[in-house]
1. Taking each residue of A:204-213 in turn, how many C-beta atoms of other protein chains fall within 10 Å of its C-beta, and what is the average?
2. What is the local net charge at A:Arg12, summed over the other residues whose Cβ is closer than 10 Å to its Cβ (Lys, Arg +1; Asp, Glu -1)?
3. If the cut-off is a Cα-Cα distance under 17 Å, which lysines reach B:Lys226, setting aside same-chain residues fewer than 8 apart in sequence?
4. Using a basic spin-label model with each label point 7 Å from the Cα along Cα→Cβ, how many nm lie between A:Gln299 and B:Thr227?
5. Among B:Leu305, B:Leu40, which comes first, then next, by fewest other beta-carbon atoms within 10 Å?
6. Aspartates and glutamates within cross-link reach of A:Lys54: Cα-Cα under 17 Å, excluding same-chain residues under 8 positions apart?
7. Can you return the lysines within cross-link range of B:Lys123? Criterion is Cα-Cα under 26 Å, with same-chain partners fewer than 8 residues away left out.
8. Could you list, in their original order, any pairs among B:Lys17/B:Lys219; A:Lys219/A:Lys297; A:Lys204/A:Lys297 whose Cα atoms are separated by more than 18 Å?
2 protein chains.
Amino acid sequence: MQEKFKFYMPTRILYEKGLSKHLADYIPGRRVFIISDPFLFKNGTAQAVGGAMKDKEVAYYSDIEPNPSCESVDAAAAAARAHKADCVVGIGGGSSMDVSKIVSCLVTNEGSIYDYYSAGNKKLSPRTVSLICIPTTAGTGSEVTNVGVFTNRKTHVKMPMVNNEFWADIAAIDPELTVTLPAPITASTGMDAFCHAIEAYWNKESLPICDMLAMGAMKMILKNIKTAYDEPQNMEARGAMSAASLIAGIAFSQTRTTGIHAASFPLTAEFGASHGTACSITLPAFIRISSEQAGEKMQTLAGYLGYETVEAFADAVEALMADMKMPLRLHELGVRESDIDHITETALSAAIIQLTPASMNFDTVSELLRSIL
Amino acid sequence: MQEKFKFYMPTRILYEKGLSKHLADYIPGRRVFIISDPFLFKNGTAQAVGGAMKDKEVAYYSDIEPNPSCESVDAAAAAARAHKADCVVGIGGGSSMDVSKIVSCLVTNEGSIYDYYSAGNKKLSPRTVSLICIPTTAGTGSEVTNVGVFTNRKTHVKMPMVNNEFWADIAAIDPELTVTLPAPITASTGMDAFCHAIEAYWNKESLPICDMLAMGAMKMILKNIKTAYDEPQNMEARGAMSAASLIAGIAFSQTRTTGIHAASFPLTAEFGASHGTACSITLPAFIRISSEQAGEKMQTLAGYLGYETVEAFADAVEALMADMKMPLRLHELGVRESDIDHITETALSAAIIQLTPASMNFDTVSELLRSIL
């Protein structure tokens, strides 16, 4: 077992089918600022959540794009300040929740996100505005992490910002919000959650608490994702997927991710793949190499999930992805042989890649990528 | 899966072999008040932890008895106030940690614990004094719960006090502190941790996060407790037991316990059994009846732990306890046939008994107790 580990996850978790209809019972603050994306505003999800907050002054901001930029953050922060928000609610997949984290801080911290992020030299003062995160996919786990990922439009770099002020006061999980997800999104976000779990599990910074959570989350996802994909209204499968995504989120909130996420960054930024697709496309290949340094642990996992060998486990994941019509080869995303070197270099520039339980250098990573071209 | 659940455990966990030697790095505050029991003061454990806190003003209080009384709490609080403590550290099995929780509050809340506990009508204001809990057994899990159990000397009743101010800021787990535990204490405290895990798992208020943690903790305990019992210096076994106790503590901090703990209260209060012994003596019998309402779940657990049936699992637990020379029959604690009715009534008076996955009434509980007389 690990000689040392740390665990800290102070967010209050509420999980309940239909929770969003009576969330006001749990929400502190009077002046609520709800951040969502245009899709969730058009289909009424944001207003349904806000409408149930009787007796509160609710304002909406719905201009959050996928892979949100720092400029979007600043615009949302200006609107939140104008509303004099004392509670910020992020509703969405990953982007809106990520933005809600920094906006809840910027209400009482002057200036731009650029002052605090990356090369910024200011420090966020302790957050006094409440922060509530409500996931609408079963995927990102952002509701239980202290990370926001923002794109610097000036440098075109997408970078995570990690801050202890970003732990939400409440993560409110209502699986009913996921029933309208189209099947391809159910597949890609669900496999993103699976990647979170397995990357927490094989992580060089793994810890027993998160190993247990990750194993359980993987079992739930393998048992339920295809049903959720085939039968979007199946509340048992949707409920299990929401819980599994949450639990995988807790697991990787402590360990960070590994090579799968490192390789996903260029696949999203330069080839337009959704985050879940960009992650899961390398998942079977990473499972196959993980035994290099985590052989016994991966054998235990394969056995727990019902497979005789790690190879059989990798095959089963690949078959599951094929069943859900997910891309399995990089060329399906538009990647060519001549792109491999650059993708390799970009993946290697993410520090998390060295948390993978296998040697990660130019030769090994480019070979892995070529094997699934 | 459960339709709804909640999870909240805001304590920062630090786990490290040798942690107590450099804990000062993590401890806020300048005026540290260390609460321990006379044994840990005599053997120097309390002073070793305090002595490593260079540059801090450390005071010691070591008069905490097992099953601490409200009078002890008030005496410790008076000493902490006199020291003008800004950080309270509880070092011990369960009692000292429990006392440290309420004392850290009483430093800035005037009056006696009786004002806040049970029939008391005052409400604790938010805690401003830091609270650090350091377990010296692998057993109670008190370092990650918001519960303190105190005995009212006026009424002779031992009652839990649950308060959100009781979540420690830091749970500091150093498995090296457990190597001096005598074998019988290793056995009884370790089986107490096992009871926490199984009572979280089969609990009517169970939740998937805690199910996963509980299963993992039970597996670790079954794999390591006998080694820790036989080889007190075996750091791998000690480390695993400390981690398992912590993880079982997180699990039951959310669900509370069930019939095993309910029945333990009179066995401790009236027959002098240690808490761990009083819990584990009914464990095999409770495993045997748990299938009444948790059949499928208990079968899953038995399989995960390597047993074909729940009955085989119960037999194995009994055999393990016998191997560690733990009492298996109530008469070994001095209980007579004529005591059963009274023990039954006292156990049934604890609300948690109804969280057991079996019908709990006078007939069923007295029958269970008679079966192990």
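A short reminder: the numbers here are calculations on the coordinates, not readings from a lab. From a predicted model like this one, the values you see are computed outputs, not experimental measurements. Heads up, the Cβs are rebuilt from the backbone with ideal geometry, glycines too, and the neighbour counts pull from every protein chain shown.
1. Working: counts 0, 0, 0, 3, 11, 10, 0, 2, 12, 5.
The per-residue average across the peptide is 4.
2. Values: positive: B:Lys6; negative: A:Asp169.
Counting the neighbours of A:Arg12, the net charge comes to 0.
3. B:Lys325
4. Result for the modelled spin labels: 1.7 nm.
5. Values: B:Leu305 17, B:Leu40 25.
By the 10 Å Cβ count, ascending, the order reads B:Leu305, B:Leu40.
6. A:Asp25, A:Asp86
7. B:Lys6, B:Lys84, B:Lys101, B:Lys154, B:Lys158
8. Exceeds cut-off: B:Lys17/B:Lys219.
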